[in-house]
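A short worksheet on the structure shown next.
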């Protein structure tokens with residue numbers, strides 16, 4: 001079984017995190033041809049997106065589909081709770097992440113350079129981001145726990161995107177995103193104590209440093 005991944009991709013990282021948490025026998029592979037639009041990679045995943053899981057010949061795209069598959073294929077340790085209600089709570093977080101939390105920060109990637117950024121777009125996205133982060137704060141379990149109670153796929157989704165938020169927003173003149181959001185700040189401190197989380201954050205940090213020419 002092989003997971004095609006890039007270390008700075010938050011969607012690929014949330015799948016690597018599940019692999020690491022489960023100690024699953026999954027090879028982490030680089031993108032053939034060096035980029036997602038290479039002819040070699042498009043033969044594997046015509047969507048030209050990452051991550052992609054090659055499950056012994058069955059190609060599975062989309063990070064959340066991959067994580068649900070890994071949860072069923074490698075059920076221990078579990079990253080989904082038992083009750084339908086608790087599972088729905090976890091899936092609300094993962095869906096919220098994909099549809100609402102990721103898009104506005106992703107839209108700022110094209111505006112990292114202060115000399116070429118569109119300030120109107122930046123300001124619009126920063127306004128949206130503050131609203132999304134306030135929503136996230138209200139959704140999180142009480143301070144001291146993980147996102148939806150026990151550690152789960154919800155945390156795996158939030159970890160890499162929180163890395164982007166904490167590293168990127170100060171460069172746009174925004175206040176630190178964890179400021180005045182005590183539940184999110186407490187969650188971020190707690191979740192980083194997990195070895196698998198430390199591992200993926202190290203991978204993302206090294207990839208970010210390399211991209212910035214460090």
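The values are calculated or read from the model by the stated rules, or taken from the named source; none is laboratory data. Worth saying up front: this structure is predicted, and the values here are computed from it rather than measured. Don't worry about glycine lacking a Cβ; one is built from the backbone with ideal geometry, like all the others, and counts go over all protein chains shown.
Listed here are the residues, each with its yes/no results for (1) out of contact with any helix residue (DSSP H, G or I) (no Cβ under 6 Å at 6 or more places or on another chain); (2) outside the structural domain of residue 196 (by TED's automatic domain parsing).
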| position | (1), (2) |
| --- | --- |
| 6 | no, yes |
| 9 | yes, yes |
| 16 | no, yes |
| 35 | yes, yes |
| 55 | yes, yes |
| 92 | yes, no |
| 100 | no, no |
Does residue 69 meet the test of being in the same structural domain as residue 20 (by TED's automatic domain parsing) and either surrounded by 18 or more Cβ atoms within 10 Å (Cβ to Cβ) or free of Cβ contacts under 8 Å to residues at least 40 places away in the same chain (or both)?
yes
Given the criterion in contact (Cβ under 8 Å) with a residue 12 or more places away in the chain, assigned to a helix (DSSP H, G or I) and closer than 19 Å to residue 13 by Cα, identify the matching residue among 190, 125.
190
Within the range 33-64, residues surrounded by 15 or more Cβ atoms within 10 Å (Cβ to Cβ) and part of a helix (DSSP H, G or I) come out as 41, 44, 63, 64
When the residues of the range 137-169 are narrowed to those that are more than 17 Å from the chain's Cα centre (by Cα) and more than 20 Å from residue 103 (Cβ to Cβ), which ends up surrounded by the fewest Cβ atoms within 10 Å (Cβ to Cβ)?
142
Just the residues that are out of contact with any strand residue (DSSP E or B) (no Cβ under 9 Å at 6 or more places or on another chain) and within 17 Å of residue 51 (Cβ to Cβ), please, taken from the range 73-82.
74, 79
